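The values are calculated or read from the model by the stated rules, or taken from the named source; none is laboratory data. What you see is a predicted model, and the numbers here were worked out from it, not measured in a lab. With ideal geometry, Cβ positions are generated from the backbone for all residues, glycine too; neighbour counts draw on all protein chains shown. Ligands, DNA and RNA are stripped out before the accessible areas are found, and what is left, the full protein with its side chains, is counted by its heavy atoms. Shrake-Rupley method; radii C 1.70, N 1.55, O 1.52, S 1.80 Å.
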Amino acid sequence: HTIKLLAICERTNQGVSARVHPSLVPNDHPLANVNGAYNAVFVEAENAGSLMFYGQGAGGAPTSSAIMGDLVTAARNRLLAARGPCESAYADLPILAQADTVTRYQIRLSVTDRSGVLHRITEVFSTHDVSIETMIQAPREDRAGSAYLILTTHAGRERALAATVAALEALEVVQEVTSVLRVEGF
């Protein structure tokens, strides 16, 4: 996986979910290879499948070119008494609260390395009805009696995932929640 800053907008049965955050993206996903001053828009459409639009999106020349294109379009529309783009048919769909979006998390913990710790941690997940997809444990070489625990969840509501992380932070066997990242691109 690689970490990418994503702006995500998706239509669900309940409305539209819109959010911006750093996310883990699989290395074989097309967005994983967008670097530098380049931007991409990745679209998954029911009838068209997966599409990606890619190009320079930051810096002096690309930005000024985009602004000039917008100004020329506005001037042309004004001269021809034409209207610009209208609202889409989706304008009336409700915007979902961040807590209601569905996502996956990768949670990295530093924990006390002793028996019963995994039981306490999985109890927290169970209490909040969050399912663990994968788990990796490795001893910490820099801190005796400690281990790193990396857990990836199945998809769940942001509200339940955030409550799980808060409860993990309160456990005495958890020394530190070292990172929490959303996982996208599956």
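Odds and ends about this structure:
- Within the chain, the longest run free of trypsin sites (Lys or Arg not before Pro) that sit in a DSSP loop with at most 15 other Cβ atoms within 10 Å is 1-82.
- When +1 charges are put on Lys and Arg Cβ atoms and -1 charges on Asp and Glu Cβ atoms, the dipole computed for the chain relative to its Cα centre reaches about 440 debye.
- 14 Å beta-carbon shell around Phe125, net charge (K/R +1, D/E -1): -1
- Share of carbon and sulfur in the accessible heavy-atom surface of the chain [1.4 Å probe, %]: 54 percent
- The label point for Ile136 and the one for Tyr54, both projected 7 Å from the Cα toward the Cβ, are 2.6 nm apart.
- About the centre of its Cα atoms, segment 5-112 shows a dipole size close to 260 debye [charges on the beta carbon of Lys, Arg (+1) and Asp, Glu (-1) only; nearest 20 debye].
- Charging the Cβ of each Asp and Glu at -1 and of each Lys and Arg at +1, and nothing else, the dipole of segment 107-152 about its Cα centre rounds to 160 debye.
- Heavy-atom accessible area per residue - the chain, 1.4 Å, Å²: 64 Å²
- Ligands, DNA and RNA aside, Ile3 has an accessible area near 100 Å² when probed at 1.4 Å.
- Low-density loop positions, chymotrypsin sites (Phe, Trp or Tyr not before Pro), segment 49-124 - DSSP coil, at most 13 other Cβ in 10 Å: Tyr90
- For Asp113, nonlocal amide neighbours, meaning residues 5 or more places apart or on other chains whose placed amide H falls under 5 Å from its own, are Ser146, Ala147.
- Against the main long axis of the alpha-carbon atoms of the chain, helix 117-127 sits at an angle near 50°.
- Along the chain, counting only GluC sites (Glu not before Pro) with a DSSP assignment other than H, G, I, E or B and at most 14 other Cβ atoms inside a 10 Å radius, the longest segment between sites is 88-140.
- Computed [θ] at 222 nm, helices only, for the chain once each DSSP H run of length n ≥ 4 contributes -39500 (n - 2.57): -7500 deg cm²/dmol
- In Å², nearest 10: area of Asp70 left accessible to a 1.4 Å probe: 110 Å²
- With a simple spin-label model that places each label point 7 Å from the Cα along the Cα-to-Cβ direction, the separation between Arg143 and Arg159 comes to 3.3 nm.
- Which of Ser115, Asn13, Leu79, positive extreme of dipole for the chain (C-beta unit charges): Leu79
- Taking segment 82-186 and dividing mean pair separation by its residue count, relative contact order in percent (alpha carbons under 8 Å, at least six apart): 40 percent
- Across the chain, Cα pairs under 8 Å and at least six residues apart give a relative contact order of 23 percent.
- Using alpha-carbon coordinates, inclination of helix 60-79 to the longest axis of the chain, degrees: 40 degrees
- Reported label for calculated mean projected area of the Cα convex hull in nm² given (1) 18.1; (2) 11.8; (3) 14.7: (3)
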